[in-house]
1. How do the pairs read when you match residues in region 193-210 that are in contact (Cβ under 8 Å) with a residue 24 or more places away in the chain with residues anywhere that are part of a helix (DSSP H, G or I) and of a type in the set (D, E, K, R), using Cβ under 7 Å and keeping only pairs 6 or more apart or on different chains?
2. Report the residue count in region 149-205 for those that are over 22 Å from V244 (Cβ atoms), modelled with pLDDT under 90 and not basic (K, R).
3. Which one is surrounded by the fewest Cβ atoms within 10 Å (Cβ to Cβ) among residues in region 65-101 that are at pLDDT 75 or above and of a type in the set (F, W, Y)?
4. Looking at region 102-135, which of its residues are at pLDDT below 75, among the hydroxyl-bearing types (S, T, Y), in a helix (DSSP H, G or I) and out of contact with any Asp or Glu (no Cβ under 9 Å at 6 or more places or on another chain)?
5. Can you tell me which residue is surrounded by the most Cβ atoms within 10 Å (Cβ to Cβ) among those in region 200-220 that are in contact with a Pro (Cβ under 9 Å, 6 or more places away or on another chain) and under 19 Å from G232 (Cα atoms)?
6. Filter region 163-201 for residues that are within 19 Å of the chain's Cα centre (by Cα), within 30 Å of P65 (Cα to Cα) and assigned to a helix (DSSP H, G or I) and give the result.
Amino acid sequence: MAETASQNPVASFARQAYGVIAVEMQKLRHDPWELATRAIQPVLWLMLFGKVMAQVRGVSPEGLPYLDFLSAGILAQSVLFVAIFYGISAIWERDLGVIQRYLVSPAPRSAIVVGKALSASVRALVQALIVYLLAASLGVSLRLDPLSVLGVFVVILLGSALFSTFSLIIACIVKTRERFMGIGQVMTMPIFFASNAIYPVAMMPAWLQVVARINPLTYQVDALRGLMLAGGSAQMGLPLDFAVLACTTALLVVIAARLYPRMGY
């Protein structure tokens, strides 16, 4: 009996988070074209940028073809771009009065934040499928064993949850769509270019290497290369990659849960 009681808070938390996910998925079903339009960007990066840069010698490390090297970075970029603007939905919800309904519900604020983070992860997984199919069609050597695919799934989930929660924190602070879009655009490209997504960390100047090593996207890309590519490896080590992503996500969820009630005012 005591064991059942102790499980109730966890089950309740999961149900409340799932409720938020269900609402977000309903939005996605009403607008499936959003995913189709988001697929254009990775196609352009891999088919145009990747094909051109593959002709440049010395860009790809570890003996990988550059297109293989780039594919993991573009997958991480797709996750980043989906997640980083996810906070704007919170601003829309505030204007429509949806947030006020969330805030008067008995659901813990952390359950709402986790639900929203996992909703962003579902969108990111669709992007991952698109990048996988495109990479395979371009001849990228992929690992398709169940353990590697599961690892990629977890990395995408963590990376998407991390950046969508970060996006939600920004939305809680700025509160207006115009400011959010401006800040989101300013931050997205530095996060992307100050990582190992399109070139190795070793090629960067010393000061940028320091920035790259405190950039969570670097660890996401590193883990994806180790799990996604047949000839790839995680240069920083998968345990470190997962630890950085998981700990950063947990910290951001705590911060977002504290700030989220501000969105109702």
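The values are calculated or read from the model by the stated rules, or taken from the named source; none is laboratory data. Since the model is a prediction, treat every value here as computed from it, not as a measurement. In this analysis, Cβ positions are derived from the backbone assuming ideal geometry, glycine residues included, and neighbour counts consider all displayed protein chains.
1. These pairs meet every condition: N196/D222.
2. So the count comes out to 13.
3. In this case the residue turns out to be F81.
4. S110
5. Selected residue: P200.
6. Within region 163-201, F163, M187, T188, M189, P190, I191, F192, F193 qualify.
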